[in-house]
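**Q** I'd like to ask you about the structure that follows.
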Amino acid sequence: MTRIRDIRESDSMEWRRLWAGYNHFYAASVPIDVTELTLRRLLDPTSTMIGRIAERNARVAGFSVSVLHESSWTSSPTCYLEDLFVDPNVRGAGVGRALVQDLVDLGRARGWARLYWHTQADNDRARRLYDSFVEADSFVRYRVTL
């Protein structure tokens, strides 16, 4: 059984381990100071960042990182699911699905207008999961690194 909950200080080591795996998966390198700032934000109850932890068999098995923000298109907050990662040792056991469903449930309970995310076009495994929640739209992402 998978249990989803808010991140806690005691999760820091396991979150960092999974975060490193997430960065490796995307061939990314987030500087350590940014990683530590992200973790502090996730642990700060006043931050607009939301950190959720998936536990399976009493072990940290995955996480989601989301950002709650205002929108010019809605009167209620919008949630952007920025990062989702599941420990490779437990993939296929429903952990990713539980993390997405958790945000859907939180959003409904808290009155969010929408939840959205993106993934790489060739991330077939993730896309199969995401397609089971909602069909991908036709938007194309543009990103300027400053």
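**Q** Yes or no: the range 83-92 includes at least one residue that is in a loop (DSSP other than H, G, I, E, B), at pLDDT 95 or above, over 11 Å from the mean Cα position of the chain (by Cα) and surrounded by 17 or more Cβ atoms within 10 Å (Cβ to Cβ).
**A** yes
**Q** Something else: Got at least one residue in the range 38-51 being under 24 Å from residue 124 (Cβ atoms) and not charged (D, E, K, R)?
**A** No, the conditions are met nowhere in the range 38-51.
**Q** Can you find even one residue in the range 1-10 that is at pLDDT below 95 and not aromatic (Phe, Trp, Tyr)?
**A** So the first thing to find is which residues in the range 1-10 are at pLDDT below 95, and the list is 1.
Remaining after also requiring not aromatic (Phe, Trp, Tyr): 1.
Yes, the conditions are met somewhere in the range 1-10.
**Q** Say whether the condition of being closer than 20 Å to residue 24 by Cβ and modelled with pLDDT of 95 or more is met by at least one residue in the range 96-110. Let's see the steps before the verdict.
**A** Let us first name the residues in the range 96-110 that are closer than 20 Å to residue 24 by Cβ, namely 96, 99.
Subsequent filtering for residues that are modelled with pLDDT of 95 or more retains 96, 99.
Checked against the condition, which is being closer than 20 Å to residue 24 by Cβ and modelled with pLDDT of 95 or more, the range 96-110 yields at least one hit.
**Q** Name the single residue, out of those in the range 39-95 being touching a helix residue (DSSP H, G or I) at 6+ places or on another chain (Cβ under 7 Å) and charged (D, E, K, R), that is farthest from residue 15 (Cα to Cα).
**A** Among those that are touching a helix residue (DSSP H, G or I) at 6+ places or on another chain (Cβ under 7 Å) and charged (D, E, K, R), it is 56.
**Q** Can you find a residue in the range 107-124 that is crowded, with 18+ Cβ neighbours inside 10 Å, out of contact with any Asp or Glu (no Cβ under 9 Å at 6 or more places or on another chain) and assigned to a helix (DSSP H, G or I)?
**A** Restricting attention to the range 107-124, the residues satisfying the condition of being crowded, with 18+ Cβ neighbours inside 10 Å are 107, 112, 115, 117.
The next check asks that each one be out of contact with any Asp or Glu (no Cβ under 9 Å at 6 or more places or on another chain); those that pass are 107, 112, 115.
Keeping just the survivors that are assigned to a helix (DSSP H, G or I) gives 107.
For the range 107-124, residues crowded, with 18+ Cβ neighbours inside 10 Å, out of contact with any Asp or Glu (no Cβ under 9 Å at 6 or more places or on another chain) and assigned to a helix (DSSP H, G or I): present.
**Q** So which pairs qualify, if the first residue must be in the range 96-113 and touching a residue at least 40 places away in the same chain (Cβ under 8 Å), the second must be assigned to a helix (DSSP H, G or I), the Cβ gap must be under 8 Å, and the two must be at least 6 apart or on different chains?
**A** Matching pairs, first to second residue: 112/106.
**Q** List every residue pair whose Cβ atoms lie under 6 Å apart, where the two residues are 6 or more positions apart in sequence or sit on different chains, the first residue falls within the range 40-64 and is over 14 Å from residue 4 (Cβ atoms), and the second residue, located anywhere, is outside any loop (DSSP other than H, G, I, E, B) and among the basic types (Lys, Arg).
**A** Qualifying pairs under 6 Å: 47/41; 49/41.
**Q** Residues 145, 74: which one is in contact with a strand residue (DSSP E or B) (Cβ under 9 Å, 6 or more places away or on another chain), outside any helix (DSSP H, G or I) and surrounded by fewer than 12 Cβ atoms within 10 Å (Cβ to Cβ)?
**A** 74
**Q** So, in the range 34-59, exactly how many residues are exposed (fewer than 12 other Cβ atoms within 10 Å of the Cβ) and either assigned to a loop (DSSP other than H, G, I, E, B) or small (Gly, Ala, Ser) (or both)?
**A** Number satisfying all stated conditions: 5.
**Q** Show the residue pairs meeting these rules: Cβ distance below 9 Å; 6+ apart or different chains; first residue within the range 122-144 and over 25 Å from residue 87 (Cα atoms); second residue surrounded by 10 or more Cβ atoms within 10 Å (Cβ to Cβ) and at pLDDT 85 or above.
**A** From residues that are over 25 Å from residue 87 (Cα atoms), the pairs are 137/116; 139/118; 141/118.
The values are calculated or read from the model by the stated rules, or taken from the named source; none is laboratory data. Please read all numbers here as calculations on a predicted model, not as lab measurements. Glycine also receives a Cβ, built like all others from the backbone with ideal geometry; neighbour counts cover every protein chain displayed.
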